[in-house]
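Read-outs: derived from the displayed coordinates by stated rules, not from any lab. Here the structure is a predicted model, which means the values were calculated and not measured. Virtual Cβ from ideal backbone geometry, glycine too; neighbours counted across all protein chains shown.
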Amino acid sequence: MTHSIALLGSTGSIGRQTLEVARELGLSVAVLTARSQVDLMERQVREFCPRLAVMMDPDAAAELRLRLSDTDTQVLSGAEGLLAAATAHEADTVVTAVVGSVGLAPTLAAIRQKKRIALANKETLVCAGELVMSEARRCGAEIIPVDSEHSAIFQSLQGCRDMEQVRRLLLTCSGGPFFGKSRAELNEVRPEDALRHPNWSMGAKITIDSATLMNKGLEIIEAMRLYCLPVEQVDAVIHRQSIVHSLVEYRDGAMIAQLGTPDMKLPIRYAFTFPDRAPSPAPPLDLITCGALTFEKPDEDAFPCLKIARQCGKTGGTACAIMNAANEEAVMAFLRREIGFNDISRRVEHALSRVAVKYAPTLEDILEADRLARAAVKDQ
Ligand code: NDP
Ligand code: MG
């Protein structure tokens, strides 16, 4: 059970919901971090009184320091600040709710301090999953997924003593705002259309990833790394209602799933209370009124990111790091209206064709692959 948290990315969608859960469970909040949202960070610090607040952006840190001069909260900035946040001695649990591969170094640092990791930042596991998981095993640090599908799988695996019993993991996928559209129709979609997700309210980057289905691709790799399974044993199925959060299919044919109304506070709460459960103020799912649950095959021609991710999962080495970094850059370019929706997958494929994959990569190889992939996307 978690008592005190360091929350990396407190001003984001997961960050704000984590603070709601912390309030509800009465957790102490030792550290908060953000990139540049000073107003919200100031309000959060005044409510939760952390020992440390970190702003990635140095100007934002200077502004926050000024505003908090009447408090006991220390303010740091930049990557060094983020590392100090991840290793703060007061926190037993580090919530990684920053977006992108910037989460990698602080996650590794927290693992080395044997913290419980409540992991939302999937990009970390995608770009360096094997390294992160082996470091967690070596240090004896628990990694508890916050991503709703992986939390569902984690919950459905409780009581399973041997992964040999598992035939496959089945990730559910809402299909995003463009479900049913053809590749040609997708040429026309704009950022504001893509930012309208049918079931979940999330940060901009993951919302675009949900629209391209790259989010499901990233999640297939996240699941492979968390549960040490080959890509052939992880599948995705479209489930428009987002009620079944994912399933484990065992070798005797039993399928065990976790269901509920879409609410990220459940997986966040479970990451803190595991192996126990705490009462939730939200009403439970009503099976009588929730309507029909449907399942169908994803359209990989219209949404090639899923195929690309599966291929990178098969290739291994730095392929997933290249794909992830290229996708981060391409999504930002789409949000800035510099490229079209279908160009996101094209840019990712371009980076994968330009940057050579290294096998059995070190952390340096992964960081280099990330850098080269970003450059390849920008140069196109
Ligand atoms: P948001 O964009 O809403 O929030 C991101 C947070 O990280 C903010 O606090 C932001 O600060 C901070 N941040 C952004 N860039 C940097 C940077 N370069 N360095 C340091 N801090 C930074 O994202 P979400 O909360 O939606 O997602 C966070 C992570 O959780 C992602 O990896 C996402 O894939 C994953 N996730 C999210 C889900 C959701 O429902 N939202 C569901 C499952 C997984 P600032 O506000 O100052 O910019
Ligand atoms: Mg998810």
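Points to keep in mind about this one:
- For Val234, the residues whose modelled amide H falls within less than 5 Å of its own, excluding neighbours fewer than 5 places apart on the same chain, are Leu169.
- Arranged from fewest to most other beta-carbon atoms within 10 Å of their beta carbon, Tyr250, Tyr270, Tyr359, Tyr227 become Tyr359, Tyr250, Tyr227, Tyr270.
- Range in the chain, longest, excluding exposed GluC sites (Glu not before Pro) [loop by DSSP; at most 11 other beta-carbon atoms within 10 Å]: 1-187
- log10 of Debye I(q)/I(0), alpha-carbon scatterers only, for the chain at 0.08, 0.13, 0.14 Å⁻¹: -0.39, -1.09, -1.27
- Pairwise Cα distances in the stretch 4-146 exceed 17 Å in 54 percent of cases.
- Over the stretch 316-380, equivalent-ellipsoid semi-axes from the Cα gyration tensor in Å: 22, 10, 9
- Residue pairs exceeding 19 angstrom between C-alpha atoms, taken from Lys122/Lys378; Lys115/Lys314; Lys122/Lys216: Lys122/Lys378; Lys115/Lys314.
- Shown in residue order for the stretch 258-265 are the 3J(HN,Hα) couplings computed by the Karplus curve 6.51 cos²θ - 1.76 cosθ + 1.60 at θ = phi - 60°: 10, 10, x, 5, x, 7, 5, 5 Hz (x for Gly and Pro).
- Legend: ranking of residues Val31, Val248, Val357 from fewest to most surrounding C-beta atoms inside 10 Å; resulting order Val357, Val248, Val31.
- Fewest-first ordering of His150, His245 by other beta carbons within 10 Å of each residue's beta carbon gives His245, His150.
- Computed from backbone phi with θ = phi - 60° and the Karplus coefficients 6.51, -1.76 and 1.60, the 3J(HN,Hα) list for the stretch 73-84 is 6, 7, 10, 10, 9, x, 4, 5, x, 5, 5, 4 Hz; x is used for glycine and proline.
- From the C-alpha gyration tensor of the stretch 135-193, square roots of 5λ in Å: 36, 16, 10
- Table column - 3J(HN,Hα) (Hz), the stretch 229-238, Karplus curve with 6.51, -1.76, 1.60, x for Gly and Pro: 10, x, 4, 5, 9, 10, 10, 10, 9, 6
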